[in-house]
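A.B. asks: Questions regarding the structure given below will be posed in turn.
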Amino acid sequence: MREAPAAFVAAGDQRHEVLAGLVERVTFHSQESGFCVLRVKARGHRELVTTIGHAAMISAGEWVTASGEWTNDHTHGLQFRARFLKTSAPTSLDGIEKYLGSGMIRGIGPVYAKRMVKMFGKDVFDLIEAEPARLREVEGIGPKRADKITSAWADQKVIREIMVFLHSHGVGTARAVRIFKTCGVDAQELAPMKAS
């Protein structure tokens, strides 16, 4: 069994650590509550780290930065329990391909992800946003699929912006997911009402 870094396991010690890395696999994700179990290739760790937390959306290939503590679950062993979980788009070609091929963006699977990354490289995200008509340059992507990809990308961007907004106002990830699930895109409009 793996052990947590000694600096963070003193008896009764609940110091927070920051863990950052690439999501290799999403083992479980509840659309309803946002609870997720991830396998993360984290900096400073040889093996994949099981990370548990909450995220409105998460997929393989994304970069995560998590703040939390190590726990030793009786059933599942050593895990990193994230209180805050921030995701960002991948920057490596492999990460971009995994992310696009994960199924999070309607209209793109592993085959189209590989073709898109081969054709556009690291510029693929900017291209989807700024020049979506160029998606049709990829073999097999016609106008309907290009529209589906563009629409799914826009929906995902809105969700990410709301999560960043709620985090910036001190809302933890689990609560931010619940707020988003309850209020949807109107979640950002609640903050000014709270201040009054």
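The values are calculated or read from the model by the stated rules, or taken from the named source; none is laboratory data. What you see is a predicted model; the values in this text were computed from it and never measured. No Cβ is skipped: glycine too gets one built from the backbone with ideal geometry, and neighbour counts run over all protein chains shown.
A.B. asks: How many of the residues in the range 37-60 are among the small types (G, A, S), within 23 Å of G172 (Cβ to Cβ) and part of a loop (DSSP other than H, G, I, E, B)? It would help to see each step written out before you state the result.
C.D. replies: We begin by selecting, within the range 37-60, every residue among the small types (G, A, S); these are 42, 44, 53, 55-56, 59-60.
Remaining after also requiring within 23 Å of G172 (Cβ to Cβ): 42, 53, 55-56, 59.
After this cut, where a residue has to be part of a loop (DSSP other than H, G, I, E, B) as well, the list is 55-56, 59.
Final tally of qualifying residues: 3.
A.B. asks: Let me ask something else about it. What residue, among those in the range 17-29 that are surrounded by fewer than 18 Cβ atoms within 10 Å (Cβ to Cβ) and touching a helix residue (DSSP H, G or I) at 6+ places or on another chain (Cβ under 9 Å), is farthest from R175 (Cα to Cα)?
C.D. replies: E24
A.B. asks: Yes or no: the range 128-147 includes at least one residue that is within 20 Å of E24 (Cα to Cα), of a type in the set (V, I, T) and surrounded by 13 or more Cβ atoms within 10 Å (Cβ to Cβ).
C.D. replies: At the first step, the residues of the range 128-147 found to be within 20 Å of E24 (Cα to Cα) are none.
Looking for residues that are within 20 Å of E24 (Cα to Cα), of a type in the set (V, I, T) and surrounded by 13 or more Cβ atoms within 10 Å (Cβ to Cβ), one finds none in the range 128-147, hence no.
A.B. asks: In the range 16-49, what residues are of a type in the set (S, T, Y) and at pLDDT below 90?
C.D. replies: The initial filter retains those residues of the range 16-49 that are of a type in the set (S, T, Y), namely 27, 30, 33.
Within the range 16-49, just S33 meets the criteria.
A.B. asks: Moving to a separate point now. Mind counting the residues in the range 64-104 that are surrounded by fewer than 14 Cβ atoms within 10 Å (Cβ to Cβ) and either in contact with a His (Cβ under 8 Å, 6 or more places away or on another chain) or at pLDDT 85 or above (or both)?
C.D. replies: 9
A.B. asks: Turning to a different aspect of this structure: Give the range 27-36 a look and list any residue that's in a strand (DSSP E or B) and closer than 22 Å to I179 by Cβ, or say none.
C.D. replies: Scanning the range 27-36 gives F28, H29, F35, C36.
A.B. asks: On to the next question. Kindly provide the set of residues from the range 69-95 that are closer than 25 Å to G172 by Cβ and among the aliphatic types (A, V, I, L, M), ordered by number.
C.D. replies: Correct list: L78, A82, L85, A89.
A.B. asks: I would also like to ask the following. For the range 61-87, give me each residue that is under 25 Å from L127 (Cα atoms) and not in a strand (DSSP E or B).
C.D. replies: Kept after step one, since they are under 25 Å from L127 (Cα atoms), are these residues of the range 61-87: 61-64, 86-87.
Selection gives G61, E62.
A.B. asks: Checking D155 against (1) in contact (Cβ under 8 Å) with a residue 40 or more places away in the chain; (2) of a type outside the set (K, R); (3) closer than 17 Å to G103 by Cβ: exactly one of these is not met. Which one?
C.D. replies: (1)
A.B. asks: Among residues belonging to the range 88-118 that are in a helix (DSSP H, G or I) and of a type in the set (G, A, S), point out the one that is nearest to the chain's Cα centre (by Cα). Steps first, answer last, please.
C.D. replies: At the first step, the residues of the range 88-118 found to be in a helix (DSSP H, G or I) are 93-101, 110-118.
Okay, now just the ones that are also of a type in the set (G, A, S), so 95, 101, 113.
Working: G95: 12, G101: 14, A113: 17 Å.
Checked the range 88-118; the qualifying residue nearest to the chain's Cα centre (by Cα) is G95.
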